[in-house]
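Some notes on the structure that comes next.
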Amino acid sequence: MVLPQPALPVTITGPATVWSFNGANPAGWSTSITLTSSGGPSTTWSIVTGSDKASLSSSIGSQVTVSSSPAGYSATVGDIVIRATAGGSTDDHAITERTPRSLQVSAAEFTLADPMWAY
């Protein structure tokens, strides 16, 4: 008699921070991140908490892209939880969506007169 093998634990690997710039995608800042599941292509993905702050590129596959949402950002560290399920095993991965507190623009950015606002 062959006994069934126990489900191997699934694990998620990838970054824990995604940035939000109200829909903009500035170079050098990760406004989307890729998570990978050890469960392979049959992994199903879901957002457990924080669906108002992030979205998933897919609900099945060995990898998923998590994108920031311009609608909101994290109030506390790790308040977005992504879940991977494969072979009867699950793993949760907490992420934080960060956003700048303020934007500072160099004076060099404003070298031409604006016809509406002037200076």
Query raised in the report: Can you give the accessible area per residue of region 17-84, in Å², using a 1.4 Å probe?
Result: 51 Å²
Query raised in the report: Going highest first, how would you order 63-76, 25-38 by mean Cβ packing within 10 Å?
Result: 63-76, 25-38
Query raised in the report: How big, in percent, is the set of alpha carbon pairs in region 1-84 lying more than 21 Å apart?
Result: 34 percent
**Report entry** Potential lengthening between Ser58 and Ala27 on full extension [0.36 nm per residue; Cα-Cα distance subtracted]
**Finding:** 8.8 nm
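The values are calculated or read from the model by the stated rules, or taken from the named source; none is laboratory data. Since we're looking at a predicted model, the values are computed, not measured. Every residue, glycine as well, gets a Cβ built from its backbone with ideal geometry; the counts of neighbours run over all protein chains shown. When the accessible area is computed, the model is the full protein with side chains, heavy atoms only, and any ligands, DNA or RNA have been set aside. Shrake-Rupley method; radii C 1.70, N 1.55, O 1.52, S 1.80 Å.
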